[in-house]
Every structure is written in C-alpha cells, then in structure tokens.
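Just so it is clear, none of the values below were taken in a lab; they were calculated from the coordinates. Quick caveat: nothing in here was measured; it's all calculated off a predicted structure. Please note: Cβ atoms are built from the backbone with ideal geometry, for glycine as well, and neighbour counts cover all protein chains shown.
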Amino acid sequence: MDLESYKNTYEEGDAPGWKAIDQILAQLYPNREPDAYFRPILPAVAGGGEPLDGISLYRSFSGDSDHLHYISYGFSELYYNEEGFGQEFSKFGFELTFRLKPFKDDAEFPGWPSSLMQNLAKYVFQTGNYFDDYHSIPTNSPIRLESDTELRAIVFVTDSQLGEIDTVHGKVKFLQMVGITQREFDLIKDGKLDRLELVEKLKENNPLLITDLERKSIV
C-alpha cells in the first residue's frame with residue numbers, strides 16, 4: 001500500500017492500528033469479546049493524563065495454565081496518521097501484554113495490571129525510552145500494591161502467542177511483562193544473572209510465562 005492508497009482507504013477518525021491489534025486477538029480468541037476492558041475516563045487523544053487508550057482482558061484457557069491475559073492499546077500508532085504511514089515501527093513499536101495467575105485477594109477481573117501498564121506508559125511517553133526483549137525495570141514496590149508478593153520488578157519478552165505484526169504504520173511487537181523477584185532483579189543489576197538465562201529457567205515449568213504473585217525466587 002502506498003500513501004495514496006492509505007488516504008483512499010482510511011480517513012480522519014479511523015483507527016487502522018487499533019483494528020490490526022483486534023485482528024490478531026480475534027485469531028487467538030476467536031468469536032469472543034474481551035472479558036473486561038479498561039479505559040481511562042478521558043483518553044490521551046482528548047487531553048487525558050493516561051497515555052494508553054485502553055487495555056483488553058481475556059480469560060485464557062490453556063490446559064493447566066488458565067490465566068488472565070491483558071493487552072494494551074496505545075504504545076503503537078492506533079489512529080489515522082499520514083506521517084505515521086509506512087514507518088519501520090509503529091510509534092514505539094510495541095504493545096504490552098501481561099499474563100496473570102488468578103490471585104486469592106483479587107476481584108474476578110482485577111484492574112491493578114491496567115494501572116501498572118499505564119504507569120509504564122507514562123515512563124515511556126515522558127522519557128522516550130522504549131522496552132524490548134530482555135529489558136528489565138524495577139517497580140519500586142510490589143507489582144501488586146498492598147500484597148506481600150516478592151515480585152518487585154519486570155522483565156520483558158515477546159508474547160509467545162501474539163508475536164509481532166505488520167501494520168500500515170509499521171511493526172508492532174507484543175511485549176509480555178513478566179514479574180520477577182527483588183532478588184532476581186538485584187542479581188541481574190549486579191551482572192550475576194543473565195536475563196535470558198532467567199527467562200529460560202522460568203519457562204521450564206511455565207512456558208507461557210504467567211506471572212504468579214505467590215512465586216518465590218528461583219535463584
């Protein structure tokens with residue numbers, strides 16, 4: 001597609017980037033609507049303070065690994081934008097995902113992962129720094145506030161079921177947030193633990209890298 005075709009196919013107000021995300025989710029979760037959807041009261045495009053325009057949540061039934069699967073909308077170019085057409089990467093080039101094992105103190109569809117994603121989005125939008133595979137970042141508190149979870153940092157890895165897509169605005173990688181313990185993060189920071197090594201160890205018993213708030217350090 002060239003720019004003229006883009007302009008003839010879409011118009012102001014269209015959201016081709018959003019539709020591209022919806023299409024890949026429809027392949028993973030056919031004939032289903034999200035089980036929950038989190039959106040800011042006032043979207044960023046309307047002057048709101050939350051960078052992400054929305055976060056979808058699906059209950060994922062994967063054998064013995066039933067979990068909640070969150071997917072963000074907003075790190076990539078969602079809306080009609082002639083300047084964004086045909087770029088190598090769509091805006092920041094990724095969207096975040098998160099897989100959560102249901103936790104005893106949570107509601108059926110907890111909203112705190114949405115808040116965590118929005119906080120990470122504020123960091124990205126304010127600094128211009130982006131995330132990629134095997135990057136890590138501390139959360140400076142338990143990833144779920146008001147809990148005694150040992151998970152206090154995040155490592156990022158491509159979501160194994162969503163991967164990467166091409167859109168009219170460029171590539172979008174689905175980066176999964178994986179909760180890691182303070183000890184694991186400290187060892188990474190001190191150069192005593194390789195992020196790839198940690199991820200591979202976690203995959204041995206948890207191939208989808210579902211975050212379990214009750215998990216203890218594995219190193």
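Odds and ends about this structure:
- Proxy reagent accessibility, fewest Cβ within 10 Å first, across Ser60, Ser65: Ser65, Ser60
- Choice from Val172, Val124, Val45 with maximal GNM fluctuation in the chain (Cα, 10 Å cutoff): Val45
- Computed on the Cα trace of segment 25-79, the radius of gyration divided by the Kirkwood hydrodynamic radius gives Rg/Rh = 1.06.
- Loop-located trypsin sites (Lys or Arg not before Pro) across segment 40-131 with a Cβ neighbour count of 11 or fewer within 10 Å are Lys104, with loop assigned by DSSP.
- Using a Gaussian network model of the chain in which every pair of alpha carbons under 10 angstrom is joined by a spring, one finds that among Gly179, Gly84, Gly93 the greatest mean-square fluctuation is at Gly84.
- Loop-located trypsin sites (Lys or Arg not before Pro) across segment 1-57 with a Cβ neighbour count of 11 or fewer within 10 Å are Arg32, with loop assigned by DSSP.
- In units of the compact-protein estimate 2.2 N^0.38 Å, the chain shows a Cα radius of gyration of 1.03.
- Scanning the chain for GluC sites (Glu not before Pro) in DSSP loops with at most 14 neighbouring Cβ atoms within 10 Å leaves 13-87 as the longest stretch between them.
- Here Asp105, Asp53, Asp35 are placed in order of increasing Cβ neighbour count within 10 Å, fewest first, which gives Asp105, Asp35, Asp53.
- Inter-probe distance in nm under a simple model that places probes 7 Å from Cα toward Cβ, at Leu28 and Asp2: 3.6 nm
- Remark: relative contact order (segment 121-166) = 33 percent; criterion is Cα-Cα distance under 8 angstrom and separation of 6 or more residues.
- Computed on the chain, with alpha-carbon pairs under 8 angstrom and 6+ residues apart, the relative contact order is 20 percent.
- Footprinting exposure proxy for His67, His169 (fewest neighbouring C-beta atoms within 10 Å first): His67, His169
- Net charge of Cβ neighbours under 10 Å - reference Thr181; Lys, Arg +1; Asp, Glu -1: +1
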